[in-house]
Amino acid sequence: MHRCGQAATVLALACLMTTAAHSETAPTSQAGAIPFNLDSPQVQEEARKLAEQPPVPPTPAHRVVEDRSGRKQTGKASVYASSFQGRRMANGQRFDHGGHAAASKTLPLGTVAKVTNLRSGRTAVVTVQDRGPFVDGRTVDLTKATAEQIGIGDREGVAPVVVAPIAVPQPDGTVKPGSGALPGPASALPAK
């Protein structure tokens, strides 16, 4: 399958996964849209190996460096400003605060990832469709719907999170499983 087909597959997975808004992992029936079975021993073993590694170090505020390793990232999540509603994102689609798009400086566009709020323990599945946040210490920008789902209220607007990729598009058009392919919320600590 060519690169556009793989990206469409990953986006389809994200749409299916976000319909289970309060689920920590996608039901098995929804995993059919991804080019690998999340329950397969090989995928689980690769995800476990990635989860055992330390998180990827934060990237400086104004530097975009793609990380296709599938390793988790720690940092702070912020919420997109209301003024972004309807603007075009890096992938060309219009931003919607009611959706589950996310911005990352390091994860490739089309990456499906779990975002876990380390204060509340709540998790949401997002698709990286934009670039940012361009503020030191921030790892991901979230929509208002996603922020609410993981317990980031309007007052604080920022929370410590772990971002664990589930499916990471590769340059050759394939999609690699990431540390987030393991069931349950992502942890900031290496898995044992």
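The values are calculated or read from the model by the stated rules, or taken from the named source; none is laboratory data. The model shown is predicted, which means the values in this text are computed figures rather than measured ones. Neighbour counts are summed over all protein chains in view; Cβ atoms, including those assigned to glycine, are modelled from backbone coordinates with ideal geometry.
Worth pointing out:
- Yes/no for Glu52 being acidic (Asp, Glu), touching a Pro at 6+ places or on another chain (Cβ under 6 Å) and in contact (Cβ under 8 Å) with a residue 60 or more places away in the chain: yes
- When the range 140-182 is limited to residues that are of a type in the set (A, V, I, L, M) and in a loop (DSSP other than H, G, I, E, B), the one that is nearest to Ser40 (Cα to Cα) turns out to be Leu182.
- Residue count for the range 104-131, restricted to those that are among the small types (Gly, Ala, Ser) and under 22 Å from Pro171 (Cβ atoms): 3
- Gly132 modelled with pLDDT of 95 or more and not β-branched (Val, Ile, Thr): no
- Where a residue in the range 108-129 is closer than 15 Å to Glu66 by Cα and its partner, wherever it lies, is among the hydroxyl-bearing types (Ser, Thr, Tyr) and crowded, with 24+ Cβ neighbours inside 10 Å, with Cβ under 6 Å and at least six apart: Val112/Thr127; Val128/Ser104; Val128/Thr111
- All positions within the range 144-192 that are among the polar types (S, T, N, Q), out of contact with any Lys or Arg (no Cβ under 6 Å at 6 or more places or on another chain) and surrounded by fewer than 24 Cβ atoms within 10 Å (Cβ to Cβ): Gln149, Thr174, Ser187
- Residues of the range 59-101 satisfying the condition of being touching a residue at least 12 places away in the same chain (Cβ under 8 Å), more than 17 Å from the chain's Cα centre (by Cα) and closer than 25 Å to Arg119 by Cα: Pro60, Ala61, Ser82
- Annotation: of all residues in the range 138-190 being out of contact with any helix residue (DSSP H, G or I) (no Cβ under 8 Å at 6 or more places or on another chain) and among the polar types (S, T, N, Q), the one that is farthest from Ser69 (Cα to Cα) is Gln149.
- Flag for Ser120 being among the hydroxyl-bearing types (Ser, Thr, Tyr) and either more than 15 Å from Pro165 (Cα to Cα) or surrounded by fewer than 19 Cβ atoms within 10 Å (Cβ to Cβ) (or both): yes
- Only strands (runs of 3 or more DSSP E) whose full extent lies in the range 84-134 are considered here, and the ones with at least 3 residues that are touching a Gly at 6+ places or on another chain (Cβ under 6 Å) are 112-117.
- Across the range 65-100, the number of residues qualifying as surrounded by 17 or more Cβ atoms within 10 Å (Cβ to Cβ), closer than 13 Å to Pro133 by Cα and not charged (D, E, K, R) comes to 7.
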